[in-house]
Amino acid sequence: MDLVGWMFILLFTYAGLTKLFEFPEFRSQLGQSPLLTPYAEYVAWVIPALEILIAIAILIPKFKLLALYACLFLMSLFTFYILAILNFSDYIPCSCGGILENLSWQDHLIFNMLFILLAIIAIGLYPKLTTTIDLKIFYRDKKGEAENLKE
């Protein structure tokens, strides 16, 4: 689960910072999206902020599970957006930024689905990996009564 967490930290930090460093281009590409044009200004700030916030939340043990659910939600949202654009739009702008914008749309879908699967696996394994078992050590005295040695 830690490996998956670090993969999401790397992905979301890279994607979020790339969008912020190339903000005018990112906002412009969102403005050209047939689905996001009315919301482009708002989405241009919210998406990178969410990506960076989620990456930070993964590092905080108290928020790690919530952050993994946020990873799953955001990657699912990105995937549905790609599917909608591919199926209902003639013009397909890519606002991913960095090296991710060099992927084909099919590669984007595979990439996203891989990260969705990783998030699901990490969420499924999370309770098993974080539950600690408090083993009580008992010994029996001469009368056969158990006594807890950890107290």
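Which residue is modelled with the highest pLDDT, if the candidates are limited to region 97-151 and must be within 30 Å of F23 (Cα to Cα) and among the β-branched types (V, I, T)?
Let us first name the residues in region 97-151 that are within 30 Å of F23 (Cα to Cα), namely 97-119.
Pick out the ones that are also among the β-branched types (V, I, T) and you get 99, 110, 116.
On the way: I99: 71, I110: 93, I116: 97.
Applying the filter and picking the extreme gives I116.
Can you pull out every residue in region 1-36 that is of a type in the set (S, T, N, Q) and either touching a helix residue (DSSP H, G or I) at 6+ places or on another chain (Cβ under 6 Å) or closer than 30 Å to P127 by Cα (or both)?
Within region 1-36, the first condition is being of a type in the set (S, T, N, Q), and the residues that meet it are 13, 18, 28-29, 32-33.
Across region 1-36, the qualifying residues are T13, T18.
Of the numbered conditions (1) surrounded by 19 or more Cβ atoms within 10 Å (Cβ to Cβ); (2) among the hydrophobic types (A, V, I, L, M, F, W, C); (3) more than 14 Å from F12 (Cα to Cα), I58 satisfies every one except a single condition; which is it?
(3)
Find the helices (runs of 4 or more DSSP H) located wholly in region 1-80 whose residues include 2 or more that are under 10 Å from the mean Cα position of the chain (by Cα), and list them.
Helices (runs of 4 or more DSSP H) meeting the threshold: 2-21, 40-59.
Going through L30, L65, L36 one at a time, which residue ends up being of a type outside the set (F, W, Y) and over 23 Å from I99 (Cβ atoms)?
Step by step, each of L30, L65, L36 is checked, and only L65 is of a type outside the set (F, W, Y) and over 23 Å from I99 (Cβ atoms).
The values are calculated or read from the model by the stated rules, or taken from the named source; none is laboratory data. This structure is a prediction, so every number in the text was calculated from the model and none was measured. Ideal geometry is used to build each Cβ from the backbone, glycine not excepted, and the neighbour counts take in all protein chains shown.
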